[in-house]
Each structure stands twice: as structure tokens, then as C-alpha cells.
Amino acid sequence: MYRLFICFCFFFFLFLSSANSQAVYFITADRVFDGENLHTNWAVVISGDKITAVGPVQQVAVPPQAIKVNYPNSTLLPGLIEAHTHLFLYPYNITNWDMQVLKETDSYRTIRATVHAKNTLMAGFTTARDLGTEGAGYSDVALKQAIQAGIIPGPRLIVAGRAIVATGTYGPKGYDHDQQIMLGAETADGNDLIRVTRDQIGKGADVVKVYADYRWGKENESMPTFSIEELSLIVETAKSSGRAVVAHASTAEGMRRAVMAGVETIEHGDGGTPEVFNLMKSKNVALCPTLAATESISKYKGWRKGIDPDPEAVKKHKTSFKSAIESGVTILVGGDVGVFAHGENVLEMELLVEYGLSPLNTLKAATQVNARALHLNSQVGSLKEGWMGDVVIVSGDPTKNISDLRNIKFVMKEGIVYRHEK
Ligand SMILES: [Zn+2]
């Protein structure tokens, strides 16, 4: 997981001292993806923390004293956006989820999270939506503040805090009932959902996350948790504060209830049917498929991709994702990072392409489309004048080979350079 740090040599500009930098950058690249289309021989000017010009190189004036940046055979893109991460988790094949939640202190997990945030940024992801600390309280709110203040490097964060689960459904479970076991999220039911939603918002949640289904069936299979009425209470309460609700849902019925209640995005959706994807499309609800989580968990169980046949979970996800694409539902890029290593976020994009989304649409999803889903669409996700100076440069052409996103040469967030390869 630390491969990036061993193989590459990159500079940290002293971002504390440059946090108020008024430096001007004139950046050119063979190809520029602006969040919508691919252009050749364009230039981008960043002054202070904003983009101040973008267009064909002949039409963009070079500002005096501009720092020029150019890499051979390069593609420049808006900073990538991760729509589903858990910066307070790390791969379950290193330490299983129960042990992370139950045995590791919030302080220890926060120290780890600072490294995960740095790895995410260095991989070109300048914005991330963190969907639950899984037992680390509101440490994500503090992490976000530390990044905003320039104390540590990391992506701009949208955080969910504790997340909401129905009583009796969530883990860790299977322990002696004589002990009070802390859970990976906060329980609430019925009218109490109003209080808990307000409390989570008051403590700093930017977005409210609810588990619309979970593994509490008789055979430990995923089954719907909350009723539509309960989910609606959460949505109505959050909406009143201007916040969105997002739902973990992997069963068709859990997804349907969440959509009917008014959530904005469905996370996972493994068991989605054509009917439920059509419903999502008609209600303008986006799907964040987290293909990388499904594959990673299968690998931890022993699956050798490319050697063994696809396990049931992977087959099911491939089938449902195919119907999702056919329905025309909005697809987001979010891998459920934490299940696999932070900094490996591009894996989800590689799988989206492998499962049938075109590389260009995958790039759009990770930039413009994710920005809209995170309500940041007038700030990030496109290269436009006045928008944030979030820029990534890779060598190669990710519109042809999505894995070229791994060849990171340059990462800038709000006009500050965090990675600049020789
Ligand atoms: Zn998740």
C-alpha cells in the first residue's frame, strides 16, 4: 500500500508557507480533458487558488512571471473526485473490520487516516466524500478541518460522520450479549431518526448516510432495514438543513425504498434490477457501484482474478452493473476505498471500464459527474475560469488506457503543488 512512496520521488512544496501563495502557473499538455471533452494543445493558467484561463495554447496569454509546467506525452485533467471512501479504514486482509472498529482507538485510527488522506491526494484525487468513520465518531470532521487549515495534505472532504443504522442490524456482531459492543455506526429507529439526523448534522456531517439494508437476514443475507416512512424522516430532516442523504443499499427492495424516500445516491447496488435502475433514472438518483470493493473482498476470500472463475458476488455485480448502464442511470466513481488501499483509488475506474463504461465516460464520472453529485459543481470537476485550481497531469492518454491515470506526474489542489515529478 505504500508502493507509491517507495517508487516515486516527489516534492512536497512547503504548503504551510505557500498556503497563501499568489503564484501563477502556465501549464500546457499534449491533451487536456476539461471534464467534458478531450482537447489537444491546450493551456491552463492558475493564479492563486483559481483557474484564470483555459483554452487553445495560441489563445491563452502567458502571464508575466508565470511558472511554466509541461510534461512530454501528457494529459491534464481536473483533480479527480472519489465519491466513496472510508479514510478511517484500511484493507481487511491486513486487519479485519471488527478488529479495526473494536480494538483500535480513535486516535490511532486518526493518525492512520492522515496518511490515507495524503495517499489519496497523491494519487490525483483532490476531493473525496468520506461515507462513515465506522466507529471513530466525528474524527472525520476534525480530519477535514486539519486539511482545510493546511496542517496536513489531503483532498477536500465531504464527510458523513457516524452514519445511521437500524437497531439489531449492524456489526460488529456475534459477541456475548453480556457485553456492550460498540457499533460501526449509530442506531436509531422510528421518530428518533429525526433527533439522530439533527445530532449528526450538528456535529459536522456534510451528508447523512443511512444503511437501507444490511446483512441481518436469517442466513445473514442482506435484507431491507428501514421502512420508507423511516427513511423519509431522515431525508426530510436532512433536507431542511440543505444536506443530502445517501444510502448504502445492495438489495433491490432496499434500493427501491431509499429511492422512494428521496435519497440522492445509492451506494453499492449489487442486487439492483432493471426495474430499480429505471426507477433511479426517473427520480434522478445516482449509482455509486463500488465494483472495487466487491472484487477486493472476493480476493481476500481467495479468488485469483484471471485464473479462477468469477465468484458469485462478482458475477452478480457484473450483471447488475450491465443493467445499470442500459438504464442510463447516472454512474459515479467511488470504490469504497479502505476495503482496499487508499491511493489505489484508480482501481474502481479500471473496473468501470472493464465492466463496460467507456474510458471517456469514466473520466467524466470521476470529475464533472461526481462534482455534481457532491454539490460542488461550480467549484471542481471541470476546467473553467473561476473554478478551483485543482489539476492533475499524467503521462499517456487515459481516454485510451484508463490505467494511465496511475502515471501521475503532477498534482495541484487550490493552486498549491503537492506532487511534481522530475
Ligand atoms: Zn462504504
Pair Ser358, Ile94: separation of 7 Å Cα→Cβ label points (nm):
3.8 nm
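Multiplying the sequence separation of Thr187 and Ser282 by 0.36 nm and subtracting their Cα-Cα distance, what value in nm do you get? Mind showing how you got there, number by number?
Numbers: separation 95, 0.36 × 95 = 34.20 nm, distance 3.07 nm.
Taking 0.36 nm per residue and subtracting the Cα distance, the gain is 31.1 nm.
Name the shape class, rounded, prolate or oblate, that the alpha-carbon gyration tensor gives for segment 69-142, where a ≥ b ≥ c are the square roots of its eigenvalues, rounded holds for a/c under 1.5, and otherwise prolate holds if a/b is larger than b/c and oblate otherwise. Before the final figure, lay out each step's value.
Values: a/c = 2.82, a/b = 2.35, b/c = 1.20.
Since a/c reaches 1.5 and a/b is larger than b/c, the shape of segment 69-142 is classed as prolate.
Quick one: putting +1 on the C-beta of Lys and Arg, -1 on the C-beta of Asp and Glu, what dipole do you get for the chain around its Cα centre, in Debye to the nearest 20? Please report the intermediate quantities before stating the final value.
Details: 42 positive and 45 negative charges, 186 e Å.
Charge dipole, the chain, about its Cα centre: 900 debye, nearest 20.
Rounded, prolate or oblate: which one fits segment 80-373, using the alpha carbon gyration tensor with axes a ≥ b ≥ c (rounded when a/c is under 1.5, else prolate when a/b beats b/c, else oblate)? Write down the numbers at each step before the final one.
On the way: a/c = 1.19, a/b = 1.07, b/c = 1.11.
Note, shape of segment 80-373 comes out rounded.
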Point-to-point label distance, Ile194-Ile151, nm (Cα→Cβ direction, 7 Å offset):
3.6 nm
Can you tell which of Ile228, Ala371, Val246 lies farthest toward the positive end of the dipole of the chain, using +1 and -1 charges on the Cβ of basic and acidic side chains (Lys, Arg; Asp, Glu)?
Ala371
Put +1 on the Cβ of each Lys and Arg and -1 on the Cβ of each Asp and Glu in segment 105-148; which of Thr120, Thr105, Thr133 then has its Cα farthest toward the positive end of the dipole?
Thr120
Using packing as a proxy for protection, rank 111-123, 153-165 so that the peptide with the highest average count of other Cβ atoms within 10 Å comes first.
153-165, 111-123
Give, as ranges by residue number, the residues of segment 157-183 whose backbone N falls under 19 Å from the point 7 Å along Cα→Cβ of Lys218.
169
If Lys and Arg each add +1 and Asp and Glu each add -1, what is the summed charge of the other residues whose beta carbon sits under 14 Å from the beta carbon of Ile393?
+1
Gap separating the Cα centres of segment 224-292 and segment 178-213, nearest whole Å
17 Å
Extended-chain gain in nm, criterion 0.36 nm per residue less alpha-carbon gap, Ala61 and Glu385
115.3 nm
Compute the relative contact order of the chain as a whole-number percentage, counting only Cα pairs closer than 8 Å that sit 6 or more residues apart in sequence.
21 percent
Overall form of segment 307-367 per C-alpha gyration tensor (a/c, 1.5; a/b vs b/c)
oblate
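Every read-out reported here was derived from the displayed coordinates using simple, explicitly stated rules and does not represent laboratory data. Only a predicted model underlies this, so the values are computations on that prediction, with no experimental measurement involved. Positions of Cβ are backbone-derived with ideal geometry, glycine not excepted, and every protein chain shown enters the neighbour counts.
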